[in-house]
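One structure below.
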Amino acid sequence: MKFLLIQLRRIGDVLMTTPSIRLLSESFPEAELTFLTEAPADQVLQENPFLDEILLYRKPESFSETISFFRKLRARQFDCVIDFFGNPRSAFMSRFSGAPIRIGFNFRGRGWAYTHPVDISTKVTYAAQDKAQLLGPLGISANDFGLDFFADEKDKKYAAQLFEQLEIEDSDFVVSLSPVSRQPYKVWPPERFAMIADWLVENYKAKILYLFGPGEGHFIDAVRKAMKKKALPDYDTPSLSETLAILNRVDLHLGNDNGPRHFAVACGTPTLTIFGRPWAANWTPPQPTQHRALEFDPGCKNKCTFPKCELECLHGVTVEAVQTELEKMIKTLN
């Protein structure tokens, strides 16, 4: 069988499909698996051994380009399409692919695109678990939702050289800190991150290593400016796989709900994440694990009015609550 898997964006959402990719490969070992996504999310799949091909989608600039794309997709003669994304564009891709089996969520107005529309769960579940529901029509039952993201040898070498450059010793307690997000409802105040970083340095002699992507330096500058203690110096912006290799070497990760947090989950580094608008349960592995989350519900998370609010859900997570949770986690590391 030839499978086409669709998740056009974003980095975290693409990572959430990786347990399903793995399960498909194990269930259909002779099948060809092709994944359609957009940049830069394709980077998290480059070394995935369960995929045969990655197709990079670029939004067509004209009607003729759109028609050409659909024709090329149809010419591939896929046997089964699984639409993890579920927006109108990916629904059209699924329908006009010509695949005899088309699976996707039964969102309003899109069920027509699929031969097997899957009803949407009303429960708050881990996103990877949610996406794995689409394997049900193929007779696949999922119970392993570990994320897959693989660093190659050059990424590991990069991380080793970076640690040497920053004079990090094997005995050092290294905490990666990612105070970034493109969404304001996910950004915990930088001065609070600074207080936590100072506390970690003073009480645990931690070395604070900032994680960031292109155009995110201002988040780091805001926290660094508010700190009284000294963090590790800045370095050139790493690629996604280089960030993964860095996270493989740190002891603990702290930050907002963002891509680096999911990378840390994938490589097994303990994480503490501060959540605003999204429910933590949607983005935290369901079993009791080393990955923890803090959130505050002022009574409106189910009926979010952002941007008409004061982001009480974020501001309700206190410095003291984060310190208490970190103390518990650090005790388990010793």
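The values are calculated or read from the model by the stated rules, or taken from the named source; none is laboratory data. Every value quoted in this text rests on a predicted model; they were computed, and no experiment measured them. Cβ atoms come from the backbone with ideal geometry, glycine included; neighbour counts cover every protein chain shown.
Points worth noting:
- The stretch 1-16 residues that are assigned by TED's automatic domain parsing to the domain that holds residue 31, paired with ones that are of a type in the set (S, T, N, Q) and surrounded by 24 or more Cβ atoms within 10 Å (Cβ to Cβ) (beta carbon under 6 Å, 6 or more apart): 7/17; 7/37; 8/37; 13/7; 14/7; 14/37
- Some residue of the stretch 295-308 being more than 18 Å from residue 159 (Cβ to Cβ), of a type in the set (D, E, K, R), assigned to a helix (DSSP H, G or I) and touching a residue at least 12 places away in the same chain (Cβ under 8 Å): yes
- Here 97, 68 are screened, and the one residue that is over 25 Å from the mean Cα position of the chain (by Cα) and surrounded by 15 or more Cβ atoms within 10 Å (Cβ to Cβ) is 97.
- Subset of the stretch 1-57 (residues that are in a loop (DSSP other than H, G, I, E, B), out of contact with any strand residue (DSSP E or B) (no Cβ under 8 Å at 6 or more places or on another chain) and either at pLDDT below 95 or over 17 Å from residue 150 (Cα atoms) (or both)): 10, 29, 30, 40, 47
- Test result for residue 60, out of contact with any Asp or Glu (no Cβ under 9 Å at 6 or more places or on another chain), surrounded by fewer than 14 Cβ atoms within 10 Å (Cβ to Cβ) and part of a loop (DSSP other than H, G, I, E, B): yes
- Among the candidates 318, 273, 305, residue that is under 16 Å from the mean Cα position of the chain (by Cα) and among the β-branched types (Val, Ile, Thr): 273
- Verdict on residue 135 being out of contact with any Asp or Glu (no Cβ under 8 Å at 6 or more places or on another chain), surrounded by 18 or more Cβ atoms within 10 Å (Cβ to Cβ) and assigned to a strand (DSSP E or B): no
Every residue, every condition in (1) closer than 15 Å to residue 24 by Cβ; (2) free of Cβ contacts under 8 Å to residues at least 40 places away in the same chain, yes or no:
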site	(1), (2)
93	no, no
125	no, no
128	yes, no
132	yes, no
137	yes, yes
148	yes, no
152	no, no
155	no, no
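- Members of the stretch 291-324 found to be of a type in the set (Asp, Glu) and either buried (at least 17 other Cβ atoms within 10 Å of the Cβ) or touching a Pro at 6+ places or on another chain (Cβ under 6 Å) (or both), listed by number: 295, 312
- Helices (runs of 4 or more DSSP H) lying entirely in the stretch 148-263 (those with 3 or more residues that are at pLDDT 95 or above and farther than 21 Å from residue 42 by Cβ): 153-165, 190-204, 217-226
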